[in-house]
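Rule-based calculations on the coordinates, nothing more; no lab input. From a predicted model like this one, the values you see are computed outputs, not experimental measurements. Counting neighbours? That spans all protein chains shown, and the Cβs are built from the backbone with ideal geometry, glycine included.
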Amino acid sequence: MLNISSNKVSEYIDIKSFKSGKHIFNKEYHKGFKKFLLIFSILLLIIMFLPWTQNITSNGQVTTLKPNQRPQTLQSQIPGRIEEWFVQEGDFVKKGDTILRISEVKSEYFDEQLTQRTDDQIHAKASSVEAYKNKGLALENQIQALKQERDLKLEQARNKLKQAHFKVTSDSIDLEAVKIHADIAKTQYERTVALEKEGIKAVKDIEEKQSKLQEVSAKLISQENKLLSTKNELLNSELAISTITATYNDKLAKAQSDLYTAQSSGFDTQAQVSKLETSLANYKKRNSLMFVTAPQNGYINKAIKSGIGETFKEGEQLVSIMPSNYELAIEMYVRPIDLPLIHIGENVRAQFDGWPAIVFSGWPNVSYGTYGAKVVAIENFISDNGMYRVLLAPDKDDVKWPDAIRVGSGARTIALLDNVPIYFEIWRQINSFPPNFYQPSSKSTDSKKK
């Protein structure tokens, strides 16, 4: 029956004489099969020319559109010890609500009256600053008085100096007059002696002239002594001026040194006051940090540090909170080869974990259970997984995303690209070519406008 041998059974036996042979070989099965192949070929040819939407599929997860709407953890700016919890996991808290109370673990902050004592120190230092200011004013007044006294003393000494100058001038004139009288007396004496030798004058006249000469010589010596004394007084007056200037300069220098010392001490105390005021402000701020509050409305997800009496360091995570108001988004990752095909505002179909869907990647319009999204952001730097991150937002013109979706759930995305025939897509897939590179119509329109 298989016609393996060259000896055919059909030459000796008529198969159609049998009941089964009559039933089988009397029907023309090949004609029906040919019709089936013809119809299938025509349908396949028609299907090959149907439109196919090129796409890029990717896996992602649900996130939020804005960074401040994503889950966050609360930390304490200071190290501490947990004393009391005011919430439990799952509770809704409003902005500013107290979540837990902590206490200090550093010994320098154990004093319960630390802020009061610091405030007292500030008042004491402020009084010291005022005292230094008053001392500075007193020294300034003292310096002013010394300057006035110096000016008066110098004026008095200058007057004496002028008087000494005048007296020296007067005594010099008197000395010149005495010298003239002495010369005259000497001339008269010599003339009288000569006349006496000639017998014209008597000895008595010589004695009188001699006596007068001696008297004038004595006056001359006395006037010279007087002039020297007056010159000494002039020198003493000049020396007095120098002495007064040096004395009062020394007094003023000492007073100014005391003034600068008082001002320096005042500035140093003022700096200490400012430092204490800063410390007081820090202490008050630190006291306010004893309560960890909610930064925004949300739900308590998880207490990372639990229990009472547990200590932690600054910046350590304490509790996780999920904001109550958020706008959902999807983050997906695309390969670097596909990145030039993704554009802002491009349509993407999304399928969420837990929601049944029937997906036809080439015919998104006939898919069921997918939701519309648009590309709102494309990362400019490659991620650690070797792909680029793309952020998707809900498409307002499409079906609304399910309300029960939670941040962190999985999602599968299909980025819609160019429309091509099915035969072209099959040819592209066989040759492992990338999808068609194209620019959205909106971008080309914008470039024409520009």
(message) How large are Rg and Dmax for the range 208-310 when calculated on the C-alpha trace, in angstrom?
(response) 43.1, 140
(message) Please give me, ordered by residue number, the trypsin sites (Lys or Arg not before Pro) of the range 40-130 that lie in loop per DSSP and have at most 11 other Cβ atoms within 10 Å.
(response) LYS94, LYS95, LYS106
(request) Along Cα→Cβ, 7 Å out, is where each label goes; now give me the distance between the ones at GLU196 and GLN272 in nm to one decimal. (result) 9.7
(request) Find the Cα radius of gyration of the range 114-288, compare it with 2.2 N^0.38 Å by division, and give the number to two decimals. (result) 2.40
(request) Please give the per residue volume of the convex hull enclosing the alpha carbon atoms of the chain, rounded to a whole number of Å³. (result) 469
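Among TYR371, TYR248, which comes first, second and so on when ranked by fewest other beta-carbon atoms within 10 Å?
Fewest to most other Cβ atoms nearby, the residues stand as TYR248, TYR371.
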(request) With a cut-off of at most 14 other beta carbons within 10 Å, and DSSP calling the residue loop, which GluC sites (Glu not before Pro) in the range 67-169 qualify? Please list them. (result) GLU89, GLU112
(message) Taking amide H atoms as placed 1.01 Å from N in the peptide plane, list the residues 5 or more away in sequence, or in a different chain, whose amide H sits under 5 Å from that of GLU316.
(response) SER76
